[in-house]
Amino acid sequence: MLFLLKMAKLGFRLSLKGLNETMPTVQREWYDNYMMPNYAPAAMIPVRGSGSRMWDQEGREYIDFGGGIAVNVLGHAHPDLVAALTDQAERLWHTSNVLATEPSLKLARRLVELTFADRAFFSNSGAEANEAALKLARRYAFDHYGKEKDRILAFDNAFHGRTLFTVTAGGQASYREGFGPLPGAIEHLPFNDIEALDGAFDEDVCAVIVEPVQGEGGVIAADKEFLETIRRLCDKHNSLMILDEVQTGVGRVGTLYAYQAFDIVPDILTTAKGLGGGFPVAATLSSAEVADSLKIGTHGSTWGGNPMGCAVANAVLDIVSSDAVLEGVCERRQQFEKALRTLGDKYGLFGEIRGMGLLIGCLLNAPWQEKARGLMQAAQDEGVFILVAGTNVLRMAPSLIIPQEDITEGIDRLERAIARFCEAGKV
Ligand SMILES: *Cc1c(COP(=O)(O)O)cnc(C)c1O
């Protein structure tokens, strides 16, 4: 029966295709027909990208201020990354972790040289990097202090990924709803609230997990004193400080990692999004002492540290770790801020511009709140691709090397979108 239905559907599609030869072969409605409905992708389908520009199936061009959600740190199809990937593709794709490979060894050494860390564990996504960090923290506490020391402190509106452990650590109750029973001993405190933190701490705290800038939660930077207090309380109670730098890492805020801008050193750091510049690769970094708790057989990943991802990540770090690129992030931040401030004032749309480096959030003023997605759509219609963070914040996380003229052109398009949006809103 199912087979017959499938045949009938196929026949229908074939005849449809016969009717209209010019229709693109792949269509957006396939999303609704064949994919699980957990996303709401745009109507257009991008097929090509170069630098900070993208083109859809119809050949329409977009300026990309989204950067694949803070992933494409060097834009689309950067020639050095294409070369690193294709070169590796011709050599060796996959071995599993039964064998070490040159790209992963090089990447581990590189990350150790560039950061506070002594050891790296590789995986494929931010959630996996955080999952490893949380498991490592629990295991470290268990090894050194016993199983009573299991409390994990996390923060309201935090985002750490979608596995059951990481989504429970995240601070959005709606993301956990209906998925219970959830892992235990995870508590949420208000972000940037030193008093609450102080009150919640005791000897049973195994770890604190925190983003230096909450990304998904609305582009809100941690206060320096807040992170310093976490560090101090962790030291006092033998707890581990886990910094989730999945979004803030790899040059995004103008230093290679955000902890360097805040001048505090975590025990464990996770990095993903920007690390592969668009290719999936992630890492959990720690001191040698903490890493010792991840003994043979305690954790693992089939693809973690695969040669393709690590080869690209090495090429990404070659470029992003340079002073020129990191200083460029700060210059571009200023250009964005100045232009966005002018726009925000002119249309009364947003006042506060927040975040750090090229992780930019614009908090919509009261009359426009809840309308972030509408604005994102209007921007897309004018040929500039932006992101949102929640319903009240426009978010931008472009390539770290976006050309100045693309910023100017993208802001012009955004202004046209805002003007139209405001006009429509007044009717
Ligand atoms: C995106 C993100 C994650 C999850 O990363 P995935 O690769 O989607 O699993 C975790 N933490 C932060 C801060 C993020 O921004």
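The values are calculated or read from the model by the stated rules, or taken from the named source; none is laboratory data. Everything quoted here is computed from the prediction, not taken from an experiment. In this analysis, Cβ positions are derived from the backbone assuming ideal geometry, glycine residues included, and neighbour counts consider all displayed protein chains. With ligands, DNA and RNA removed, areas are computed over all heavy atoms of the protein, side chains included. Shrake-Rupley method; radii C 1.70, N 1.55, O 1.52, S 1.80 Å.
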Restricting to the stretch 79-320, compute how many DSSP beta bridges are antiparallel as a %, nearest 5.
-> 45 percent
Kirkwood Rh, angstrom, the chain [1 / mean 1/r, Cα pairs] = 23.0 Å
Peptides ranked, highest mean first, by Cβ atoms within 10 Å: ranges 288-296, 374-382 = 374-382, 288-296
Note: the stretch 203-351 at 4 °C, 1.567 mPa s; Kirkwood Rh on alpha carbon pairs; Stokes-Einstein D in µm²/s works out to 75 µm²/s
Counting only residues 5 or more places away or on other chains, whose amide H sits under 5 Å from the amide H of Leu240 once H atoms are built in the peptide plane?
-> Ala207, Val208
Whole-Hz Karplus couplings 3J(HN,Hα) for the stretch 62-71, θ = phi - 60° and coefficients 6.51, -1.76, 1.60, Gly and Pro as x, run 10, 8, 9, 8, x, x, x, 6, 6, 9
Value of Rg/Rh across the stretch 79-320 [Cα atoms, Kirkwood radius] = 0.96
How high is the FRET efficiency from Ala100 to Gln334, r the C-beta distance, R0 30 Å, rounded to 0.05?
-> 0.10
Please report the Cα spread of the stretch 123-169 along all three principal axes, rounded to whole Å, starting with the longest.
-> 28, 26, 12
Using packing as a proxy for protection, rank 358-364, 261-267, 41-47 so that the peptide with the highest average count of other Cβ atoms within 10 Å comes first.
-> 358-364, 261-267, 41-47
First measure r as the distance between the Cβ atoms of Ala40 and Tyr347, then evaluate 1/(1 + (r/R0)^6) with R0 = 35 Å and state the FRET efficiency to the nearest 0.05.
-> 0.85
When the dipole is taken about the Cα centre of the chain, and only Lys, Arg (+1) and Asp, Glu (-1) are charged at their Cβ, what size is it in debye, to the nearest 20?
-> 1240 debye
Fraction of beta bridges assigned by DSSP in the chain that are antiparallel (%, nearest 5) = 65 percent
By the mean-Cβ-within-10 Å protection proxy, highest first, 176-185, 341-350 rank as 341-350, 176-185
Accessible solvent surface per residue of the chain, calculated while the other protein chains remain in place, 1.4 angstrom probe, Å² | 47 Å²
Taking alpha-carbon centroids only, the stretch 201-262 lies from the stretch 334-357 a number of Å equal to 26 Å
How long is the gain from Asp381 to Asn238 if the chain were fully straight, where each residue apart is worth 0.36 nm and the alpha carbon distance is subtracted?
-> 46.2 nm
Contour minus end-to-end for Arg162 and Glu228, with contour as 0.36 nm per residue of separation and end-to-end as the Cα-Cα distance?
-> 21.0 nm
What number, in percent, do you get for the relative contact order of the chain if the mean sequence gap of Cα pairs under 8 Å and at least 6 apart is divided by its residue count?
-> 21 percent
Partner aspartates and glutamates whose C-alpha sits under 20 Å from that of Lys338, ignoring same-chain residues fewer than 8 away, are Asp64, Glu327, Glu352, Glu405, Asp406, Glu409, Asp412, Glu415
Computed from the beta carbon distance with a Förster radius of 45 Å, FRET efficiency for Asp80 and Glu148 to the nearest 0.05 stands at 0.35
Long-range HN-HN contacts of Asn192 with modeled amide H, under 5 Å = none
Please identify the helices of the chain, taking whole runs of DSSP H, that span at least 20 Å along their own axis as judged from the Cα atoms and have a mean Kyte-Doolittle score of -0.5 or higher.
-> 2-19
Mean separation of Cα contacts under 8 Å, 6 or more apart, over the residue count of the stretch 163-243: relative contact order % | 28 percent
Neighbours of Leu364 by Cβ distance under 15 Å: Lys/Arg at +1, Asp/Glu at -1, summed charge +3
Of the accessible area of the chain, computed with a 1.4 Å probe and all protein chains kept, carbon and sulfur make up a percent value of 56 percent
